[in-house]
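J.: Here it is, the structure, as structure tokens.
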Amino acid sequence: ARHGHPVLLTDDDRAASATSTWLAIASPTRIVCAGGPACRAYPGADTVLIGTDRYQTATLVADAFFVDGTPVGVASGVVFPDALVAAADTPHRGGPLVLTRPTSLPTATANFVDRWDPDLITVYGGTAAVSAAVAQQLAVR
């Protein structure tokens, strides 16, 4: 969405009727799908971003659409409200959103943060969503 392109949703691994209708009308020149269910719903996508889990998939999306070194947002990959807010806010700060578990930093997320070396990491949600220990791990990377 940051680049002026819409984010369209699927109905799990089935094409959502509203999404299919929009695609038929808009005739986009490029379709990028992220995540196993979305890519199963649209097998003809031009770019496929599927990680081993949602945490790695989020880092693949970040790598595909953002430049390293930019600010990074981190939110829980377990509950969606904080991630929903973060997904709207983080691109305005110039960077991507990646996900974490509440009490442990996934390897894919840790590797991403190490590789990107962002100038700012914003953690979204309280300590029930992202524990103080995980926030500290992110702060010292």
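J.: Residues in the stretch 105-141 that are loosely packed, with under 13 Cβ neighbours inside 10 Å and of a type in the set (Lys, Arg): how many?
T.: Residues in the stretch 105-141 being loosely packed, with under 13 Cβ neighbours inside 10 Å and of a type in the set (Lys, Arg): 1 in total.
J.: Quick check on Asp82: is it charged (D, E, K, R) and in contact with a strand residue (DSSP E or B) (Cβ under 7 Å, 6 or more places away or on another chain)?
T.: Criteria met by Asp82.
J.: Still on this structure, I have one more. Output yes when any residue across the stretch 2-15 is in a loop (DSSP other than H, G, I, E, B) and modelled with pLDDT of 95 or more, and no when none is.
T.: Within the stretch 2-15, not a single residue is in a loop (DSSP other than H, G, I, E, B) and modelled with pLDDT of 95 or more.
J.: Here is a follow-up. For the stretch 58-82, which positions are among the hydrophobic types (A, V, I, L, M, F, W, C) and under 19 Å from Val32 (Cβ atoms)?
T.: Within the stretch 58-82, Ala58, Leu60, Val61, Ala62, Ala64, Phe65, Phe66, Val67 meet the criteria.
J.: Sticking with this structure for a sec: Quick check on this structure: which one of Asp89, Asp46, Asp117 is out of contact with any helix residue (DSSP H, G or I) (no Cβ under 8 Å at 6 or more places or on another chain) and either hydroxyl-bearing (Ser, Thr, Tyr) or at positive phi (or both)?
T.: Residue meeting the stated conditions: Asp117.
J.: Turning to a different aspect of this structure: Check whether at least one residue in the stretch 97-113 is of a type in the set (Gly, Ala, Ser) and touching a Pro at 6+ places or on another chain (Cβ under 9 Å), and report yes or no.
T.: So far as the stretch 97-113 goes, no, none of its residues is of a type in the set (Gly, Ala, Ser) and touching a Pro at 6+ places or on another chain (Cβ under 9 Å).
One line per residue, one yes/no per condition, for (1) farther than 18 Å from Val61 by Cβ; (2) touching a Cys at 6+ places or on another chain (Cβ under 9 Å); (3) hydrophobic (A, V, I, L, M, F, W, C):
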| residue | (1), (2), (3) |
| --- | --- |
| Leu99 | no, no, yes |
| Thr109 | no, no, no |
| Ile121 | no, no, yes |
| Ala128 | yes, no, yes |
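The values are calculated or read from the model by the stated rules, or taken from the named source; none is laboratory data. Quick caveat, the model's predicted, so the values are computed rather than measured. Every residue, glycine among them, receives a Cβ derived from its backbone with ideal geometry; neighbour counts consider all protein chains shown.
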